[in-house]
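Bear in mind these aren't lab numbers, they're just calculated from the coordinates by the rules spelled out. All values reported here derive from a predicted model rather than from experimental measurement. Positions of Cβ are backbone-derived with ideal geometry, glycine not excepted, and every protein chain shown enters the neighbour counts.
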Amino acid sequence: IYLTSVGRGSTLLLNVPPDRHGRIHRNDVRSLQGFRKLLDERFSKNLASGAEADADHERGGSDAFGAARLNDGNPESYWATDDGTTSASATIEWKEPVLVSYIVLQEPIWLGQRISSFSVEARVEGQWKEVASGTTVGYKRILKTEPVTADGLRVLVKESKGCVALSSLAVY
């Protein structure tokens, strides 16, 4: 449910009402604590943080919109292409292979939802292999993949309504 709600840019309705005394029932509290533990186990360490990022297009050739903005941890910064460039790719690379199970993409939503088609490829033993694809990204898109050990990850934006813009690429 989390992946199909929050993972597609929506909210997750927990539906946990207070009891007659205005408190959350202890069974619900335990359930929520277990849910938090599952999220922490899967999403606690962003493997993209510190990875080397590169892109085939950068707006105005400027570092202000460079690929390094994808994994800098700043929700206000973003990678972007020039106006009129509606398809592009960005790559992150690791010195040592990592196990990839989830990929999280985010657009700078204050600029609007733009991406309408994309795919993600993992470099496994020197060969690029598609591990996920989709249509929209929006505020947040969480992609669950078959676990794959890769030393690189490439996001291919195939079609965008305006110039390509991504504020975050996270890997777990």
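Please report the relative contact order for the chain, taking Cα pairs under 8 Å with a sequence separation of at least 6, and give it as a percent rounded to a whole number. Please report the intermediate quantities before stating the final value.
Details: 393 pairs, mean separation 49.1, N = 172.
After rounding, I find 29 percent.
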* To do: Can you quote the Å³ per residue value for the convex hull of the Cα atoms in segment 81-125, rounded to an integer?
  => 120
* Asked: Rounded to two decimals, what is Rg over Rh for segment 36-85 when you use alpha-carbon atoms and the Kirkwood radius?
  -> 1.13
* Asked: Any idea how many Lys pairs in segment 18-172 come in under 28 angstrom at the alpha carbon, given 8 or more places apart or on separate chains?
  -> 19
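Kindly provide the helix-only [θ] at 222 nm of the chain, computed as the sum of -39,500 (n - 2.57) over DSSP H runs of four or more divided by all residues, to the nearest 500 deg cm²/dmol?
Working: 2 runs with 22 residues, N = 172.
Rounded to the nearest 500, it is -4000 deg cm²/dmol.
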* Calculate the spin-label point distance for V16 paired with S49, positioning each point 7 Å from the Cα along the beta-carbon direction, and give it in nanometres. => 2.4
* Modelled label-to-label distance, Q127 and A68, 7 Å Cα→beta-carbon offset: nm? -> 3.5
* Asked: Helix 26-43 versus the longest principal axis of the chain: what angle, 0 to 90°, nearest 10, using Cα atoms?
  -> 20
